[in-house]
1. What is the helix-to-structure angle for 16-32, meaning the angle in degrees between its Cα long axis and the longest Cα principal axis of the chain, kept from 0 to 90 and rounded to the nearest 10?
2. For Ala135 and Ala293, compute 0.36 nm times the residue count separating them, minus their Cα-Cα distance, and round to one decimal in nm.
3. Just need the relative contact order of region 268-396 here, percent rounded to a whole number, with Cα pairs under 8 Å and 6+ apart.
4. For the chain, what is the mean residue ellipticity at 222 nm derived from helices alone (per DSSP H run of n ≥ 4: -39500 (n - 2.57); sum divided by total residues; nearest 500 deg cm²/dmol)?
5. On a 1.4 Å probe surface of the protein chains, which of Lys153, Lys127 comes out largest in accessible area, and what is the full order?
6. Helix 185-203 versus the longest principal axis of the chain: what angle, 0 to 90°, nearest 10, using Cα atoms?
7. Can you work out the Karplus-derived ³J(HN,Hα) for every residue in region 71-78? Use 6.51 cos²θ - 1.76 cosθ + 1.60 with θ = phi - 60°, whole Hz, and x for glycine or proline.
8. Hey, if we sort Leu124, Leu269 by accessible area with the 1.4 Å probe, largest down, what's the order?
Amino acid sequence: MYRFHNGEKAPLPFDASEYDARLKGLRAIMAAQEVDAVVFTSMHNIAYYSGFLYCAFGRPYGLVVTPTESVTISAGIDAGQPWRRSHLDNITYTDWQRDNYWRAVRSVAGEGRVIGYEGDHMSLMQKAKLDAFLAPSRTVDLAEATMRQRMQKSAAEIALIRKCTAIADVGGYAIREAVREGTREIDVAMAGRDAMELEIARVFPDAEYRDSWVWFQSGINTDGAHNPVTARALQRGDILSLNTFPMVSAYYVALERTMFVGEVDAASLAIWEANVAAHEYGMSLLKPGVSCAEVTHKINAFFEERDLLQYRTFGYGHSFGILSHYYGREAGLELREDIDTVLEPGMVISMEPMLTLAEGQPGAGGYREHDVLVITEDGNENITGYPYGPEFNVVG
């Protein structure tokens, strides 16, 4: 292992004071649970506490935090980039001997100490290696405690998220312009993605650019929220699902809208308008002091009164921050029946009700609206700008 501090430190998504405040919060968690050192392995926590977002490609990466140090651990294949993009120190390990990664971790964490780790991320194999190389006197799972810290957004995080939702809107408008009969899903998706990436480069000239994407679905492909893009050609009367996801420095936001090509039939319009009404009702419920479960039960009742609850497919919203489709989740802030978290100012959460009706039924397809909201002292602020509903989204 060695320190390859090549070049100058690059601008990170936030000022040093933001990362210092996060580490201070982490060290308070460590002190409360009598933890001597934390070994982070997930993309989301490493990025949250250090600013560095790794690309694993089958290699382990880490961040070791002690009461006095914060050191990212990266593979030699990445050379000096991890150091340039880390808030504080970095150690590079080589591939020339098996488990050099764990030797690098041990050089910071030490042996025979109380070690914190992420139980929701570390594999059984890597946990066995942690035990073998660090010989901890005790291990403590800090996954939930760190998730709770990430759920409460700073002013700087909210400012970045606000810029990202505006970029998601740019992608939405580009998609709207690209929708035409005969156009393929993939062509529409590329128009939205390209527009967002150009806007990200304009708004964040010092960032690294990676991972932004679009899911644009049509017809039966709208039945699942995460269905991949295909080459299906759009047909008049098709239901569409617009989904834009700009990624900036590991921060995820989303814009999701129901659309139709050219015209919408009466049965589909009735379902769409009911889902829009649930969306608006749900947003009105998001305020401090209300639990995720309470919000969920009220929207359930709204749908049940209209005989639509059986078409609901998943929870009504979730936290936003450092997460994406392949790393990270703040499961303590999701609008589900089994989540008792009480909303607080500074939390960022979506409202995204979805109804799916099977092929062959009147109004078949998946209907979803999605806005991102910041919980304020007396309610919420909707930071998504792209319009929802039939008046704007029957296009082509």
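1. Its long axis makes an angle of about 70 degrees.
2. Full extension from Ala135 to Ala293 adds 52.7 nm.
3. Relative contact order for region 268-396 comes out at 30 percent.
4. One gets -11000 deg cm²/dmol as the mean residue ellipticity at 222 nm.
5. Sorted descending by solvent-accessible area, the residues read Lys127, Lys153.
6. Helix 185-203 sits roughly 50 degrees off the main axis of the chain.
7. 10, 7, 10, 9, 7, x, 4, 8
8. Sorted descending by solvent-accessible area, the residues read Leu124, Leu269.
The values are calculated or read from the model by the stated rules, or taken from the named source; none is laboratory data. The shown structure was predicted, so the numbers you read here are calculated from the model rather than taken from an experiment. Glycine gets a Cβ as well: all are built from the backbone with ideal geometry, and neighbour counts include every protein chain shown. For accessibility, only protein heavy atoms count, side chains too; no ligands or nucleic acids. Shrake-Rupley method; radii C 1.70, N 1.55, O 1.52, S 1.80 Å.
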